[in-house]
Amino acid sequence: MPSDQPFIQLAGVTKSFQGIRALENVAFACRKGSIHAILGENGAGKSTLIKIMSGVLAADSGEMRVEGRPVRFSTPAEAAKTGIVCIFQELSLVPDLSVADNIMLADPPKRFGMIDRRRQRRRAEELLARIRCEDIDPDALVRQLSLSRRQMVEIAKALGQEPRLLILDEATSALTSRDVQTVYDLLAELKEQDVACLFISHRMHEVEALCDTLSVFRNGRHIETFAKGEKSDREIVHLMIGRDVETQFPPRPEPRRREPLLEVKNLRWENRLKGIDLSVGRGEIVGLGGLDGQGQKELLLALFGVLRQVEGTVKVGGMEGVPASPAAARSARTRIALVPEDRKTEGLMLQLPIADNLLASAFARVSSGPFIDRAKAETAISAAIEKLRIRLGSPRDIVATLSGGNQQKVVIAKWLMVEPDLILLNDPTRGIDVGTKQEIYRLMRDLAEEGKAVLFYSSDYAELIGCCDRVSVMYDGRIVAELEGEGITEEAIVAASLNIAPEAAA
Amino acid sequence: MRLAKRLHSAALRNRAFLGALLLFAVFYLVYHMLHPRGFSSAVLIQNTNESVAIVFVAMAQTLPVLTGGLDLSVGAVMTLTNCIASELLTGTPAEMLFGALLTLACGAAFGCVNGLIVVYGRIQPIITTLATGAVAIGLALLIRPRPGGEVDDDLSWAMTNTVFDFAETYGLAEGGEAAWLQPFAAIPVPLLIVLAVVLFIWLPFRNTQMGRTVYAVGSAEGAAYMSGLPVERAKIAAFTLAGLFAACAGLYLAIQTSSGNADVTQAGAYTLNSIAAVVLGGTSLYGGVGGAIGSLVGALILRVISFYFRILAIDPLLQPLIEGVVLLGAVSLGALRTLRVKNRLELFR
């Protein structure tokens with residue numbers, strides 16, 4: 001039972017960025033031994049709130065108390081000393097240092113002023129074992145790990161700082177299902193030890209499974225805090241977006257045979273793709289399912305011409321062969337677009353203006369000879385902004401100033417400018433608010449209806465069920481199940497993801 | 001089995017460094033094979049003497065590069081400390097020791113100022129050090145408008161020859177005849193100096209939290225900050241240590257040449273060569289990867305290339321051309337691995 005004394009308490013906290021209120025007069029408290037969810041659309045102020053608590057940002061006004069004592073943090077290190085540790089959405093790992101170095105980065109064990117490597121390694125092994133990641137080599141460089149493994153290292157690092165308030169900002173979004181379960185168990189264990197946890201997630205079922213208390217934020221204000229079970233999902237969504245949401249997914253058209261645009265036969269690459277057979281037709285949305293890291297990303301990269309030495313036959317619009325490079329994929333007769341996994345590094349040039357990001361793939365279309373035609377560019381940019389309803393101040397602003405959902409819209413808009421025939425999407429709704437997710441679902445359906453082919457990888461089963469005409473489930477570099485129409489059920493996807501027959505799963 | 005695996009992965013991680021070491025070993029062996037007199041300790045002493053300054057300057061350059069910056073003042077700081085040392089290395093042994101320490105302190109202080117300007121002035125390292133480098137040359141010219149100096153001759157002789165000569169000069173270990181000294185008697189003193197700096201300054205630093213932070217800053221500054229690391233102090237420390245290593249070079253140069261010389265061209269050449277040595281030694285110009293020992297080997301490779309010109313009848317006019325081609329070839333070896341990368345996205349990480 002969570003105790004009643006709050007570990008952290010905020011009163012009247014306000015924060016603005018360049019005149020825009022990110023938080024307004026927020027009062028908030030989190031008790032010891034509680035797993036407390038913070039819900040809200042992107043731009044609701046969740047990130048700002050946790051950044052203030054963890055010392056990344058300072059509030060403009062207001063008061064923060066830890067166990068009743070007023071505090072003021074100017075660096076993350078100060079917050080960590082008080083026991084407030086945050087696992088950030090943008091990973092805080094150093095790629096060129098080893099796993100052990102990273103885990104003990106803030107406070108390594110020392111002997112005679114020098115880092116005691118042996119003890120450091122042992123401590124890192126202990127922490128990794130605690131989150132059941134014995135497979136991670138403490139001597140490996142973080143650079144060599146996959147995104148999901150890095151996320152686990154990040155969690156081990158946070159644990160090593162012995163938190164009294166642990167903040168998880170979308171910390172499960174990149175994890176495999178097995179690791180998600182590990183994190184659930186870990187949080188339960190921490191709860192027993194009276195540690196307070198703040199949990200930010202866009203996955204409602206995670207919140208349902210884990211949290212005891214929920215707080216909803218909207219437009220920088222704390223709207224309401226209530227115990228789990230007090231409100232229905234519908235009421236919660238209503239609080240979050242301030243309006244009712246009708247159907248989450250756009251209606252699916254009647255299934256019919258379609259002329260295939262993409263045909264893949266026996267595609268192989270390294271030991272990650274072991275003979276993929278797949279086809280996607282014009283006007284069709286095909287989902288890629290399965291646990292994280294079963295080769296879905298590699299498949300998309302292979303089709304986009306990023307991987308070398310891909311074997312097997314690929315036919316795109318009747319032409320044989322995979323594109324030689326992303327540049328070729330973009331400008332071939334049958335154009336291919338890829339919305340990549342990591343929008344911050346692969347999708348956007350974060351420090352460039354929104355306008356330049358939007359045009360990046362389509363410079364040729366807005367140029368006269370070697371020069372970019374201003375008028376054409378302006379028209380294209382405003383058309384893209386309108387089409388995707390990107391919320392922004394000015395297209396001249398740096399793209400990094402946008403919220404996550406709007407950044408992802410910029411990535412998609414960029415690719416739509418080249419008018420692709422085949423659109424590859426790599427988990428495009430990861431870490432994005434409900435409203436934007438729905439807009440993306442709608443957009444995918446619209447594109448399909450325009451006769452484009454969509455291949456869509458998602459780690460969220462509900463999306464696959466709601467959006468796709470067909471779903472191919474991958475396991476260990478192969479497609480183990482193809483589901484169609486009414487056959488696309490959560491049970492069927494889960495069973496196929498684990499490579500077991502549906503009867504066995506039930 | 002497990003040890004073998006760990007050794008293997010360590011070798012893979014230090015691929016660039018091991019490659020440089022191998023390249024140096026091959027170059028140096030071939031050099032001795034081609035040398036008309038073969039291997040002799042006289043040649044070894046001469047070679048080490050000629051390498052010490054560039055080795056120290058290359059080590060100096062390594063630290064700012066590890067943080068993701070570049071220090072264009074290392075050669076100038078060497079020249080400045082060279083001139084300072086040429087004034088101070090005279091008198092009693094105690095005075096000379098004090099002078100040497102003061103020289104090193106001047107270099108470290110100069111580096112520290114570089115760091116302070118970069119961190120608190122928020123100016124890019126490359127432009128900061130371009131400016132402070134010119135200041136250092138200016139100061140050197142003030143101290144020594146014309147080459148010269150009063151460096152103690154005994155000191156100069158003792159530090160630039162073998163351990164035996166050192167002991168003989170100062171009447172230590174029975175004038176160098178003591179039995180216990182004999183196994184080491186033929187080792188050049190400059191080699192020991194470099195070894196001492198590596199063992200007692202670089203390796204300990206690398207294993208401190210500050211040293212770790214230097215790497216973290218170069219690899220991902222944002223992540224380092226978010227992890228609560230002292231990012232600013234680490235940058236200042238990197239530049240300070242760079243100044244100290246550059247001062248080691250200046251001090252040694254003063255001892256070796258018995259004089260100080262505010263040579264502008266030489267300062268520039270040392271700075272550029274230091275960057276080449278750092279890259280040859282496997283340190284990434286993006287920061288976060290590499291180390292001073294690699295740069296040491298890189299500097300030695302550069303030096304060995306120039307040794308060849310002495311024993312082979314090559315037109316001196318061709319020297320820069322050949323040096324450039326060899327450098328380009330050596331650096332290209334490091335790029336070979338990118339041909340094997342099968343996921344081209346990894347090339348940009």
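For the stretch A:67-88, taking the residues that are facing another protein chain (nearest Cβ under 7 Å) and in a loop (DSSP other than H, G, I, E, B), the one that is modelled with the highest pLDDT is identified as A:Thr75. Of A:Gly12, A:Gly33, all but one fail to be at pLDDT 90 or above and in a loop (DSSP other than H, G, I, E, B); the exception is A:Gly33. Inspection of the stretch A:256-265 finds a residue satisfying the criterion of being modelled with pLDDT under 85, within 25 Å of A:Val471 (Cβ to Cβ) and in contact with a strand residue (DSSP E or B) (Cβ under 6 Å, 6 or more places away or on another chain). For the stretch A:89-136, a tally of residues being facing chain B (nearest Cβ under 10 Å), in a loop (DSSP other than H, G, I, E, B) and surrounded by fewer than 18 Cβ atoms within 10 Å (Cβ to Cβ) returns 5.
For the stretch A:200-219, the set of residues classified as surrounded by fewer than 17 Cβ atoms within 10 Å (Cβ to Cβ) and over 17 Å from A:Gln438 (Cβ atoms) consists of A:His205, A:Glu208, A:Ala209, A:Asn219, listed by residue number.
Within the set B:Ala179, B:Ala269, the sole residue that is farther than 22 Å from B:Leu44 by Cα, within 14 Å of the chain's Cα centre (by Cα) and modelled with pLDDT under 95 turns out to be B:Ala269. What's the total number of residues in the stretch B:45-98 that are under 18 Å from B:Gln256 (Cα atoms), more than 14 Å from the chain's Cα centre (by Cα) and among the acidic types (Asp, Glu)? Summing the residues that are under 18 Å from B:Gln256 (Cα atoms), more than 14 Å from the chain's Cα centre (by Cα) and among the acidic types (Asp, Glu) in the stretch B:45-98 gives 1. State whether one or more residues within the stretch B:335-346 are within 14 Å of another protein chain (Cβ to nearest Cβ), in contact (Cβ under 8 Å) with a residue 24 or more places away in the chain, surrounded by fewer than 17 Cβ atoms within 10 Å (Cβ to Cβ) and outside any helix (DSSP H, G or I). No, the stretch B:335-346 contains no residue that is within 14 Å of another protein chain (Cβ to nearest Cβ), in contact (Cβ under 8 Å) with a residue 24 or more places away in the chain, surrounded by fewer than 17 Cβ atoms within 10 Å (Cβ to Cβ) and outside any helix (DSSP H, G or I). Within the option set B:Ser9, B:Ser40, being free of Cβ contacts under 8 Å to residues at least 24 places away in the same chain, away from chain A (no Cβ under 14 Å) and among the hydroxyl-bearing types (Ser, Thr, Tyr) holds for one residue only, B:Ser40. Applying the criterion of at least 2 residues that are buried (at least 17 other Cβ atoms within 10 Å of the Cβ) and touching a Cys at 6+ places or on another chain (Cβ under 7 Å) to the helices (runs of 4 or more DSSP H) found wholly in the stretch A:374-453 leaves A:434-449.
Report whether or not A:Ala171 is out of contact with any Lys or Arg (no Cβ under 6 Å at 6 or more places or on another chain), of a type in the set (Gly, Ala, Ser), outside any loop (DSSP other than H, G, I, E, B) and touching a residue at least 12 places away in the same chain (Cβ under 8 Å). Spelling it out, it is not the case that A:Ala171 is out of contact with any Lys or Arg (no Cβ under 6 Å at 6 or more places or on another chain), of a type in the set (Gly, Ala, Ser), outside any loop (DSSP other than H, G, I, E, B) and touching a residue at least 12 places away in the same chain (Cβ under 8 Å). Of the strands (runs of 3 or more DSSP E) contained entirely in the stretch A:270-358, those carrying at least 1 residues that are surrounded by fewer than 21 Cβ atoms within 10 Å (Cβ to Cβ) and within 14 Å of chain B (Cβ to nearest Cβ) fall at A:311-316.
Residue-by-condition table, conditions (1) within 14 Å of chain A (Cβ to nearest Cβ); (2) assigned to a loop (DSSP other than H, G, I, E, B); (3) of a type in the set (Val, Ile, Thr):
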position: B:Ala20; (1), (2), (3): no, no, no
position: B:Phe24; (1), (2), (3): no, no, no
position: B:Val65; (1), (2), (3): yes, no, yes
position: B:Gly68; (1), (2), (3): yes, yes, no
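Considering only the stretch A:359-373, how many residues are part of a loop (DSSP other than H, G, I, E, B) and surrounded by 13 or more Cβ atoms within 10 Å (Cβ to Cβ)? Count: 4.
Residues of the stretch A:356-383 that are of a type in the set (Gly, Ala, Ser) and farther than 25 Å from B:Leu345 by Cβ: A:Ser367, A:Ser368, A:Gly369, A:Ala375, A:Ala377, A:Ala380, A:Ser382, A:Ala383.
The single residue among B:Ala131, B:Ala100, B:Ala109 that is free of Cβ contacts under 8 Å to residues at least 40 places away in the same chain and assigned to a helix (DSSP H, G or I) turns out to be B:Ala131. Restricting to the stretch A:487-506, count the residues that are in a helix (DSSP H, G or I) and either under 25 Å from the mean Cα position of the chain (by Cα) or modelled with pLDDT of 85 or more (or both). Matching residues across the stretch A:487-506 total 9. For the stretch B:264-281, the criterion of being surrounded by 22 or more Cβ atoms within 10 Å (Cβ to Cβ), under 29 Å from A:Lys344 (Cβ atoms) and either more than 14 Å from every other protein chain (Cβ to nearest Cβ) or out of contact with any Cys (no Cβ under 8 Å at 6 or more places or on another chain) (or both) is satisfied by at least one residue.
Flag set for B:Thr338, criterion: at pLDDT below 85, closer than 30 Å to B:Ala234 by Cβ and of a type in the set (Ser, Thr, Tyr).
Of B:Ala85, B:Ala58, all but one fail to be among the hydrophobic types (A, V, I, L, M, F, W, C) and in contact with a strand residue (DSSP E or B) (Cβ under 9 Å, 6 or more places away or on another chain); the exception is B:Ala85. All told, A:Asp194 meets the bar of being modelled with pLDDT of 90 or more and at positive phi. Filtered by the rule that a residue be in contact (Cβ under 8 Å) with a residue 60 or more places away in the chain, more than 10 Å from chain B (Cβ to nearest Cβ) and farther than 20 Å from A:Thr345 by Cβ, the stretch A:137-157 gives a lone residue, A:Ile155.
Among the residues of the stretch A:201-215, at least one is assigned to a loop (DSSP other than H, G, I, E, B) and either within 14 Å of chain B (Cβ to nearest Cβ) or touching a His at 6+ places or on another chain (Cβ under 7 Å) (or both).
Within the stretch A:144-164, if we keep just the residues that are surrounded by fewer than 18 Cβ atoms within 10 Å (Cβ to Cβ) and in a helix (DSSP H, G or I), the residue that is modelled with the lowest pLDDT turns out to be A:Leu147.
Within the stretch B:181-234, if we keep just the residues that are in contact with a Phe, Trp or Tyr (Cβ under 6 Å, 6 or more places away or on another chain) and more than 14 Å from every other protein chain (Cβ to nearest Cβ), the residue that is surrounded by the fewest Cβ atoms within 10 Å (Cβ to Cβ) turns out to be B:Ala185.
Those helices (runs of 4 or more DSSP H) of the stretch B:134-235 in which at least 3 residues are closer than 30 Å to B:Leu116 by Cβ, considering only elements entirely within it, cover B:189-197, B:203-206, B:209-219, B:221-226. Taking every residue in the stretch B:284-304 that is basic (Lys, Arg) and pairing it with any residue that is surrounded by fewer than 23 Cβ atoms within 10 Å (Cβ to Cβ), at least 6 positions away or on another chain, the pairs with Cβ-Cβ distances below 8 Å are B:Arg303/B:Asn47; B:Arg303/B:Glu50; B:Arg303/B:Ser51.
The values are calculated or read from the model by the stated rules, or taken from the named source; none is laboratory data. All of these numbers come straight from a predicted model, not from anything done at the bench. No Cβ is skipped: glycine too gets one built from the backbone with ideal geometry, and neighbour counts run over all protein chains shown.
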